[in-house]
């Protein structure tokens, strides 16, 4: 459902920001507003007339982290003259011009690739303050989506303004939700208003666009995308590129250029490119099958992305807000399995265990296996639930300091029992018995542990954390037996090949390293990401394929049997909450976290008939 336009009469003051940025988008020292004629009234608590920005004519107002106008609408913004008289001209095309001095102004453009033709007009030459200081204009992240160009009103020319190098701050915008870019053109934006004169309630802000209204009689989300719709030209995520001012390819190029990978170390990466394997990404192992917005993943901590787990080709578990949801791809229906928003009360008590009642648990990580669901919390919580029994089996806090639980895992020990392994910012790796929930061991490390992985035979424990090296630990003695060197930043993802010989580790240096545990003097291969850290890795149960996920936009599927030189690149938009193969590897699920286009993507394994292969 398309949202109703938001209109405001002259005199209404609206903040140029969206979602909680209270001090304006153009700098940290001034409040900027779209405004009709004013009489020196407050602008977000600032009364100076020189700190006020005017806009006229004042028609439809929308915001996407700054000033955006639809084609045909005009927002001409300039500072007032010193006597308070309006100084803004009119123009026939949408643009934003901000007075920065007697003869110089700045304009902010929504799209780096499709800058609309501008018409500028001379302004009074009275001295005025700089509204976009070179050293601070881009500190506010909501400015980061725009290009800054300097315009000389005397010569009626403008040039790229390059001196403040907005790079990383601009990228901060591109690292955020996809709908921050498109909401103005698709009517999905929210507003933050600094005055009570013009306020949208929740119903207005969302245009009555509820999930209920978007579900047809068969229980199918109208915004969902099927394989047949995709083949007929619909975007697999339902993004209406035809209605936007830029194409999908143009936006992809923007993302590739602007996305900034988060890094914890400053170690030079100069020689890393030479180490990376030359891979052919033209293979297709999985075809798009379905995308649903009826369930949407949410991410509590931006570095932790193990939030999607499939237990069959039709059953997927995912984190959504405070809950763990189950999605049936067969029934196209979601249901809540664990609710951490209220009280979490364990239903089982075992001698030697220490259950605790929890509340308001923000789930930061998750694992599902052998009919057991384990979730870790942002304040160090641990929740265990048997999927065939009602209620929560066990819950506790792993530490008293509220250190986040970074990873949880379920595995079979060398003696055949099921165990739960947890790791977190308290620098401990704990092992629990999955039947009694008694703590079996606790290993201490000198840095926060971000991820662990038990080898298929249960004898080796891979430990990754806030250190560039990864450790190999003997599970029986708890002693470090190998130090895996090669990564240049902290690591957050790992996976073991089913044969137990190959370990894959993912780092914020944008690489996945493959290690043969029979010879760990150097990595077997280095696989390169496209834009960011490797935050998720998984192998198919048959050992044929390995999938790895970047923080956003890209999932890579490698042919392990072909020595990883053949791969498929899945190109999407949005933050990736997790990925999971179904146990039979027939389906690959990918969770996308985005306010508007958040969804669960389903890809089906391509299976060619031998007869058809003869014609390929």
Original post:
Within segment 435-448, is there a residue that is more than 32 Å from the chain's Cα centre (by Cα), under 26 Å from residue 300 (Cβ atoms) and buried (at least 16 other Cβ atoms within 10 Å of the Cβ)?
Top reply: yes
query = Taking residue 606, is it touching a strand residue (DSSP E or B) at 6+ places or on another chain (Cβ under 6 Å) and closer than 20 Å to residue 225 by Cα?
reply = yes
Here the residues within segment 381-392 that are at pLDDT 95 or above and assigned to a loop (DSSP other than H, G, I, E, B) are 387
Matching residues in segment 549-577 (outside any loop (DSSP other than H, G, I, E, B), under 19 Å from the mean Cα position of the chain (by Cα) and under 21 Å from residue 509 (Cβ atoms)) number 9
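Could you say which residue among 359, 417, 455 is without any contact (Cβ under 8 Å) to a residue 24 or more places away in the chain and either under 29 Å from residue 312 (Cα atoms) or crowded, with 19+ Cβ neighbours inside 10 Å (or both)?
Matching residue, one of 359, 417, 455: 417.
So which strands (runs of 3 or more DSSP E) are wholly in segment 406-495 and hold at least 3 residues that are in contact with a strand residue (DSSP E or B) (Cβ under 7 Å, 6 or more places away or on another chain) and either closer than 20 Å to residue 365 by Cα or in the same structural domain as residue 348 (by TED's automatic domain parsing) (or both)? First the steps, then the outcome.
Numbers: elements: 418-424, 428-433, 439-444, 449-454, 460-465, 470-474, 480-484.
Strands (runs of 3 or more DSSP E) meeting the threshold: 418-424, 428-433, 439-444, 449-454, 460-465.
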Residue hits (segment 524-548; outside any strand (DSSP E or B) and free of Cβ contacts under 8 Å to residues at least 60 places away in the same chain) are 524, 529, 534, 540, 541, 542, 543, 544
Inside segment 227-262, the number of residues satisfying the requirement of being under 12 Å from residue 572 (Cβ atoms) and without any contact (Cβ under 8 Å) to a residue 24 or more places away in the chain is 2
Only one of (1) touching a strand residue (DSSP E or B) at 6+ places or on another chain (Cβ under 9 Å); (2) outside the structural domain of residue 315 (by TED's automatic domain parsing) does not apply to residue 351, and that is (1)
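Would you check if residue 463 is closer than 21 Å to residue 373 by Cα and either crowded, with 22+ Cβ neighbours inside 10 Å or at pLDDT 95 or above (or both)? Walk me through it before giving the result.
Working: closer than 21 Å to residue 373 by Cα: no; either crowded, with 22+ Cβ neighbours inside 10 Å or at pLDDT 95 or above (or both): yes.
No; evaluated as a whole, the condition is false for this residue.
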Check on residue 505, crowded, with 18+ Cβ neighbours inside 10 Å and either under 27 Å from residue 256 (Cα atoms) or free of Cβ contacts under 8 Å to residues at least 40 places away in the same chain (or both)
yes
Scan segment 337-346 and give yes if some residue there is assigned to a strand (DSSP E or B), loosely packed, with under 14 Cβ neighbours inside 10 Å and either within 29 Å of the chain's Cα centre (by Cα) or free of Cβ contacts under 8 Å to residues at least 24 places away in the same chain (or both), otherwise no.
yes
A careful count of residues in segment 284-320 that are touching a residue at least 60 places away in the same chain (Cβ under 8 Å) and assigned to a strand (DSSP E or B) gives 15
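The values are calculated or read from the model by the stated rules, or taken from the named source; none is laboratory data. Computed from a predicted structure; not experimentally measured. Virtual Cβ from ideal backbone geometry, glycine too; neighbours counted across all protein chains shown.
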